[in-house]
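Comments concern the structure below.
The values are calculated or read from the model by the stated rules, or taken from the named source; none is laboratory data. Values in this document were obtained by computation on a predicted structure and should not be read as measured data. For neighbour counting, all protein chains shown are included, and Cβ atoms are generated from backbone atoms with ideal geometry for every residue, glycine included. Heads up: the accessible areas ignore ligands, DNA and RNA and are worked out on the full protein's heavy atoms, side chains in. Shrake-Rupley method; radii C 1.70, N 1.55, O 1.52, S 1.80 Å.
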Amino acid sequence: MVPLKLELFSTPHCAHCDAAAERIRDRLGTAEFELERQNVLDDIDRAVGLGIRQMPALVINAQLVHQGPITEKHLQRLFTQQPWRR
């Protein structure tokens, strides 16, 4: 099974972004995944190309799946529905 590639686009000193990264790691536990934190300021062209307009922004397998604060409820819905597999 190919591990999920998760990218969390964030801005420096963003409390919501730090919390989202922690929630994602907790939620996925021992599942195979790669989580990369991307500073949106370092890769603004890619962020614009993905349609990112709010931080944090979660990209899974190169598909934007969520923007804005990420709660446990959001993660549960995302990993149940798996919109990146469509």
**Asked** What number of residues within segment 5-34 satisfy the criterion of being among the aliphatic types (A, V, I, L, M) and closer than 14 Å to His66 by Cβ?
**Response** 6
**Asked** Which of the helices (runs of 4 or more DSSP H) contained wholly in segment 6-86 include at least 3 residues that are open to solvent by less than 20 Å² (accessible area, probe 1.4 Å) and in contact with a helix residue (DSSP H, G or I) (Cβ under 7 Å, 6 or more places away or on another chain)?
**Response** none
